[in-house]
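To start, the structure under review is shown below, and the notes come after it.
The values are calculated or read from the model by the stated rules, or taken from the named source; none is laboratory data. Just so it is clear, the structure is predicted and the values come from calculations on it, not from any experiment. For neighbour counting, all protein chains shown are included, and Cβ atoms are generated from backbone atoms with ideal geometry for every residue, glycine included. For accessibility, only protein heavy atoms count, side chains too; no ligands or nucleic acids. Shrake-Rupley method; radii C 1.70, N 1.55, O 1.52, S 1.80 Å.
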Amino acid sequence: MAYETIRLEREGKLARVVLNRPDAMNAMNSIMMKELADAFEELKEDRSVQVVILKGEGRAFSAGGDIKQMIDPENPMDLSVVMKDVTRLAIALYTLPQITIASVHGAAAGLGFSMVLACDVIIAEQSSKLAMNFIGIGLVPDGGGHFFLKERIGVPKAKQMIWAGDVMKAEQAAGWGLIDEVAQDGTAHKESEGMAQKLLSTPISAMIASKGILHTSRLEELRSVLELEADAQQAMKQTADHKEGIKAFVEKRKPAFTGQ
């Protein structure tokens, strides 16, 4: 399958999914969300691949959802369609019959961070900026962000992180238990490739089987969370706080939220 906004590369038992909108810091527009869902569903059927590396082209992993498209009057983002693709993306990524490695440099924010957290192994460079920052525009995490945060750090800390929306460097994220390895700047991709080769020299079929057991037992919860996120996102899109958050973002100023 040919893709416009991503690349899907295969090399023996290794595959790479590369977010490929470098001029937009790999911000996820509606096309990219659909293509990522399609690519993960394609990989789900490919049992010849045992490790998948997920990374971004250019200066960042992903700046998150494409706010420019959200506010484009000529080509507005259809949230009902987008949320269906985000649901497909999250479920396919979580249920991949491969070991997944997120290779993070630059920003991994919003939906980009949700996708990173869905991976089995997360390697982030020291200066990378990690943020579950939906709150800044009056929205809730999507892409299973609530579920994946809870899996990594538990409910109390997940709430703190979601409500604060703070930007973290890799060392801080590692301290929270959000990522697995901190890499020197400029080395995340090299470290990820090394990790992939190391995994491929282990009894990886047993590892994949264990992943399947653990993830299958939680799949219904993930489906439920994704449905709740989609409903909440539709509701939050109508709020005055969301409209103020978007306006402030465009005007490069601090938003004045009112809780409405």
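Computed quantities for the displayed model
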read-out: Residues that are open to solvent by less than 10 Å² (accessible area, probe 1.4 Å) and more than 23 Å from SER80 (Cβ to Cβ), drawn from the range 13-37; value: LEU14, ALA15, VAL17, VAL18, LEU19, ASN26
read-out: Matching residues in the range 175-203 - criterion: being of a type in the set (Ser, Thr, Tyr) and touching a residue at least 24 places away in the same chain (Cβ under 8 Å); value: THR187, SER192
read-out: Answer residue from the range 131-164, given it is under 13 Å from the mean Cα position of the chain (by Cα) and surrounded by fewer than 23 Cβ atoms within 10 Å (Cβ to Cβ) and is modelled with the lowest pLDDT among those; value: ASN133
read-out: Near pairs, Cβ below 6 angstrom, 6+ apart or cross-chain, from the range 79-94 (surrounded by fewer than 22 Cβ atoms within 10 Å (Cβ to Cβ)) to any residue that is acidic (Asp, Glu); value: ALA92/GLU41
read-out: Residues that are farther than 16 Å from LEU79 by Cβ and not in a helix (DSSP H, G or I), drawn from the range 131-147; value: ALA131, MET132, ASN133, GLY144
read-out: Which numbered condition SER128 fails, given (1) of a type in the set (Ser, Thr, Tyr); (2) open to solvent by 20 Å² or more (accessible area, probe 1.4 Å); (3) in contact with a helix residue (DSSP H, G or I) (Cβ under 8 Å, 6 or more places away or on another chain); value: (2)
read-out: Selection status of SER224, open to solvent by less than 70 Å² (accessible area, probe 1.4 Å), farther than 25 Å from SER103 by Cα, modelled with pLDDT of 95 or more and of a type in the set (S, T, N, Q); value: yes
read-out: Unmet criterion (only one of (1) modelled with pLDDT of 95 or more; (2) under 24 Å from MET132 (Cβ atoms); (3) assigned to a helix (DSSP H, G or I); (4) open to solvent by less than 40 Å² (accessible area, probe 1.4 Å)) for LEU43; value: (2)
read-out: Qualifying residues in the range 204-226 (those that are assigned to a helix (DSSP H, G or I) and without any contact (Cβ under 8 Å) to a residue 24 or more places away in the chain) - the one farthest from LEU79 (Cα to Cα); value: ALA206
read-out: Output for the range 1-40, where each listed residue is small (Gly, Ala, Ser), within 21 Å of ASP120 (Cα to Cα) and either touching a residue at least 40 places away in the same chain (Cβ under 8 Å) or assigned to a loop (DSSP other than H, G, I, E, B) (or both); value: GLY12, ALA15, ALA37
read-out: One residue from THR100, THR87 being more than 16 Å from ILE137 (Cβ to Cβ) and either assigned to a strand (DSSP E or B) or in contact with a His (Cβ under 9 Å, 6 or more places away or on another chain) (or both); value: THR100
read-out: One residue from ILE123, ILE162 being among the hydrophobic types (A, V, I, L, M, F, W, C) and not in a helix (DSSP H, G or I); value: ILE123
read-out: Single unsatisfied condition, VAL116 versus (1) at pLDDT below 95; (2) open to solvent by less than 10 Å² (accessible area, probe 1.4 Å); value: (1)
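One line per residue, one yes/no per condition, for (1) farther than 24 Å from MET32 by Cα; (2) of a type outside the set (Lys, Arg); (3) touching a residue at least 60 places away in the same chain (Cβ under 8 Å):
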{"position": "SER103", "(1), (2), (3)": "no, yes, yes"}
{"position": "ALA109", "(1), (2), (3)": "no, yes, no"}
{"position": "MET132", "(1), (2), (3)": "no, yes, no"}
{"position": "GLY144", "(1), (2), (3)": "no, yes, yes"}
{"position": "ILE153", "(1), (2), (3)": "yes, yes, no"}
{"position": "LYS157", "(1), (2), (3)": "yes, no, no"}
{"position": "ASP166", "(1), (2), (3)": "yes, yes, no"}
{"position": "GLN172", "(1), (2), (3)": "yes, yes, no"}
